[in-house]
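Have a look at the structure below, then the notes.
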Amino acid sequence: MQQDILINWSPQETRVAVVENGAVQELHVERTLERGLVGNVYLGKVSRVLPGMQSAFIDIGLERAAFLHVADVWHRQEGGEAPMFARKNEPPVPIEKQVFEGQALMVQVIKDPIGSKGARLSTQISIAGRLLVFLPQDDHVGVSQKIPQAERDALRTRLQKLVDDQASGNGGGFILRTNGEDASNEELAEDIAYLRKTWAGIRQAALTHPPTSLLYQDLSLLQRVLRDLAGEQTQSIRIDSREQFVALKAFGNEFMPAAAAKLQLYKGERPIFDLYSIDEEIALALGRRVQLKSGGYLIVDQTEALTTIDVNTGGYVGARNFDDTIFKTNLEAAGAIARQLRLRNLGGIVIADFIDMLREDHQAAVLAEFRKQLARDRVKTMVGGFSQLGLVEMTRKRTRESLAHMLCEPCPTCQGAGQVKTARSVCYDILREVLREARQFNPREFRVVASPRVVELFLDEESQHLAGLSDFIGKPISLQAESAMGQAQYDIVLL
């Protein structure tokens, strides 16, 4: 498999496309103004201690002071296997005995500022790598609880040996992330070295920078391309900004030399995303319908709880008999569904409704193809078999917002329902509302303000009903078209 990574950079937005064998498989977007603070490490200054709230306000150089609760103050427990914030059966040490006004304190943001509230902080530092999480104040080696229990002990033993081999006087604890379950020793060792080097830089900055300084910022999307997206199968990483190319090259040479060697500056006249029609792919990935090459199609519906994908034959009639037509459509759909999950970054529960197949060998072949295509996904997936209703249930780990949630917002007209009342239905709603208002008030005239299509219907097909209502209530009813109104919107003005 040949993989290329394209980076389109602008001051306001970074867009990354992962292309495999000439087809776009993943899209990542990061907007400068929407980038959060979670994970950032600051050298804060205690501005106020509040014993009554068991908390403190910390100045970290932002517009509002950040918030540190006593439960988030880390300290080492004597004789404990792993340092904790406080023992479960003991009350925490009062915050006024742990911090004081004017104190310089290294803190990490664990919750972004919301509204009038400042960021929430912790004094326990954790640095996320591609495969591991580094806890520099800890000595514990652990494994994510999402990894099956049967595999955790062996993984912990392997990780502990790698940590001990590379210790060289540097302590610190590590937790193996879920996506590190199948990593090789070389990949884990590279991540350990990167995380320890990053922590050394943070400690050095804390000694030389004044309070309220930013010591470490969680990696940007550009940097995460080298850390998370680039691998052995990556042929090239092309970026269209000279300035960012130089900065990314310097970062990669220091921390990820293997990935940095694949970095290239794109100098073509065409926009870099035009090479693989990526903007068109983005537009298609925001729609419900996905056309298959055979003539079949998928319907993708994303809800809060789950995502449903329906497979249809459409105009495909190319096989020798109906069973073969269904089988070939489902086989193609298996690959298309796997690609759409990555492209749209759909997570959580996914229900795939393949076309019903009578033969068990066809079901097994489609399921095998589906699992084969999903195996290329860097995000963890779990797939069940065909249910009694012919559905395939699966889960895909949520790693970030889906493409639709990131680029779109609910329609102001339909409020995300995906449909609006017909113009005739709105006309009848208006007639009922005018009658209701006439029974409560006694204006000189009723004026209906509505969308042009609704007004046009009142002037044409529904004119008799409007005139009949006017005669019944004994008041004139005038019409006013408002182009800014949606079809389901209207207003009744009493004159």
Karplus (6.51, -1.76, 1.60) ³J(HN,Hα), θ = phi - 60°, over region 423-428, in Hz, Gly and Pro reported as x | 4, 5, 4, 5, 4, 5
In the set (1) 29.8, 94; (2) 23.0, 73; (3) 32.4, 109, which value of Rg and Dmax of the Cα atoms in Å was calculated from the structure you see?
-> (1)
Given 0.36 nm per residue, what is the gain on full extension from ALA150 to LYS293 after removing their alpha carbon distance, in nm?
-> 47.2 nm
Regarding region 99-233, what are the three Cα extents along the principal axes, ordered largest first, in Å?
-> 47, 35, 29
At the level of C-alpha centres, the distance separating region 203-225 and region 332-405, in angstrom, is 40
Just need the relative contact order of region 361-495 here, percent rounded to a whole number, with Cα pairs under 8 Å and 6+ apart.
-> 24
Reduced to Cα centres, the span from region 13-68 to region 410-434 in Å works out to 41
With DNA, RNA and ligands ignored, accessible area of MET256 (1.4 Å probe; Å², nearest 10) | 10
Starting at the first residue of region 472-488, write each ³J(HN,Hα) from the Karplus equation 6.51 cos²θ - 1.76 cosθ + 1.60 with θ = phi - 60°, in whole Hz, x for Gly and Pro.
-> 5, 8, x, 9, x, 10, 9, 10, 9, 7, 10, 5, 6, 7, x, 4, 8
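Could you size up the charge dipole of region 352-477 around its Cα centre, putting +1 on the beta carbon of Lys and Arg and -1 on that of Asp and Glu, and report it in debye to the nearest 20? Walk me through the numbers before you get to the answer.
Numbers: 19 positive and 18 negative charges, 145 e Å.
That gives region 352-477 a dipole magnitude of about 700 debye.
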Can you work out the accessible area per residue across the chain, with the rest of the protein chains kept in place, probe 1.4 Å, in square angstrom?
-> 54
Answer in debye to the nearest 20: the dipole magnitude of the chain about its Cα centre, from +1 Lys/Arg and -1 Asp/Glu charges placed on Cβ, is 820
Report ³J(HN,Hα) in whole Hz for each residue of region 201-214, in order, from the Karplus equation J = 6.51 cos²θ - 1.76 cosθ + 1.60 where θ = phi - 60°; Gly and Pro get x.
-> x, 5, 5, 5, 5, 5, 7, 10, 9, x, x, 6, 8, 7
Return, for the Cα atoms of region 289-405, the radius of gyration and Dmax in Å, separated by a comma.
-> 13.7, 44
Projected onto the charge dipole of the chain (+1 at Lys/Arg Cβ, -1 at Asp/Glu Cβ, origin at the Cα centre), which of PHE273, ALA250, ALA481 gives the Cα projection farthest towards the positive end?
-> ALA250
Please give the net charge around LEU6, taking every other residue with its beta carbon less than 13 angstrom from that of LEU6, where Lys and Arg add +1 and Asp and Glu add -1.
-> -3
Enter the angle in degrees (range 0 to 90, nearest 10) between the Cα long axis of helix 322-344 and the first principal axis of the Cα atoms of the chain, meaning the one along which they spread out most.
-> 60
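Mean shadow of region 350-483, computed from the convex hull of its alpha carbons, in nm²?
About 14.5 nm², averaged over all directions.
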Under 5 Å between amide H atoms, partner at least 5 residues away or on a different chain: which partners does LEU263 have, H built in plane at 1.01 Å?
-> ILE237
Going toward the positive end of the dipole of region 144-240, with +1 on Lys and Arg Cβ and -1 on Asp and Glu Cβ, which of SER144, LEU219, ALA200 do you reach last?
-> ALA200
Rounded to a whole %, the carbon-and-sulfur portion of the accessible area of region 350-495 at a 1.4 Å probe is 50
Order the peptides 186-192, 17-23 from the highest to the lowest mean number of other Cβ atoms within 10 Å of their residues.
-> 186-192, 17-23
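The values are calculated or read from the model by the stated rules, or taken from the named source; none is laboratory data. Keep in mind it's a predicted model, so treat the numbers as computed, not measured. Cβ: placed from backbone, ideal geometry, glycine included. Neighbour counts: every protein chain shown. For accessibility, only protein heavy atoms count, side chains too; no ligands or nucleic acids. Shrake-Rupley method; radii C 1.70, N 1.55, O 1.52, S 1.80 Å.
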